[in-house]
Structures are given as structure tokens and as C-alpha cells.
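Scroll down for the structure; my scribbles are underneath it.
The values are calculated or read from the model by the stated rules, or taken from the named source; none is laboratory data. This one's a predicted model, so the numbers in the text were calculated from it and none came from an experiment. Cβ placement follows ideal geometry from the backbone for every residue including glycine, while neighbour counts extend to all protein chains displayed. Side chains included, ligands, DNA and RNA excluded: accessible areas come from the protein's heavy atoms. Shrake-Rupley method; radii C 1.70, N 1.55, O 1.52, S 1.80 Å.
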Amino acid sequence: MRKILSLMTICVTSTTIASSGTLCLTFDDRYFASWESAIPLFAKYNAHVTFFVYRKIDSETLESMKKLQDAGHSIGLHGLTHAKAVDFIKKYGAKKYTDDEIMPQLEICRKSGIKIRSFAYPNSQNDEESDKELFKNFDFFFS
């Protein structure tokens, strides 16, 4: 299933199904200590969230990602340098965006057993060309 979700979609979906006790939570960037400290709170309320990671994934980052995944949460990517997809692709091309922004993170995750299905566009910037390119590696986008 391939989907592109916007923050508006998340809010509408959450409001629509709130009566059933469902809420969509996402966190992005690189606040691992805070994310990990919230694991007991999420567990208390049986909450499952998605964390979007940007920057280089080193051993410390992998350790946090594994803790979050083992606690039942999803991990997504947010780009190596937080580059705006549309601007980058217009200047350098879609393949270079994937090679430079996506694959360095995705390859480490795959080798380390971190399941990645989603990507959050930096600055919510996407278009048809970026979506087409990124659907090669992801099932869901957040813009």
C-alpha cells in the first residue's frame, strides 16, 4: 500500500477516529534521549508512534532506533541532511537525491534489521517527481 499523508490528513484522521481511541503520533529529527525516556509512557497507554530520523546513523543512533522498534514503534527516515526534495531534485536530479539523501540511511537500517517503510519530507516539500522516486524505497510519505 502506498500513501502520501499530510499533517492535515493526520489531524482529520485522528479527529474522525478519536472516538475509537486511535491517534496518530509522529516525531522527527533527532531527540533520541527524549524519545527513549517516553517509552514507558507510550507503553502505559499502549501507544505506538513513528519516529523519523535524519542525519548520519551511527552506532548510538542505531541503538536508540532498535530500542524504539523493540518497544513496538515504527522508524522512518527524514533524510541525511534534511535537504528539500523538490529543490534538490530540480538542481541535481532524482537519482542523486536518493543516492545522497536516502541510501546512506536506508542501507544502514537494512543491514541492522531496522524496518523502514516511511519517509517524512523535510519542510513538507514534495511533488510528483519526488514521490515517484521515493516510492521505489518507501510505502508511506509524510509531507
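Observations on the model:
- Elements of the type strands (runs of 3 or more DSSP E) sitting completely within segment 49-143 and holding at least 2 residues that are over 12 Å from the mean Cα position of the chain (by Cα) and in contact (Cβ under 8 Å) with a residue 40 or more places away in the chain: there are none.
- The residue of segment 47-56 that is modelled with the lowest pLDDT, among those that are under 16 Å from SER112 (Cβ atoms) and open to solvent by less than 10 Å² (accessible area, probe 1.4 Å), is PHE51.
- One residue stands out in segment 100-143 among those that are in contact with a strand residue (DSSP E or B) (Cβ under 9 Å, 6 or more places away or on another chain) and among the basic types (Lys, Arg): the one that is least open to solvent (accessible area, probe 1.4 Å), namely ARG117.
- Tally of residues being open to solvent by less than 50 Å² (accessible area, probe 1.4 Å) and closer than 18 Å to GLU129 by Cβ across segment 69-85: 3
- Which numbered condition PRO122 fails, given (1) closer than 18 Å to ILE57 by Cα; (2) at pLDDT 95 or above; (3) not aliphatic (A, V, I, L, M): (2)
- The single condition from (1) under 22 Å from ASN123 (Cβ atoms); (2) modelled with pLDDT of 90 or more that LEU62 fails is (1).
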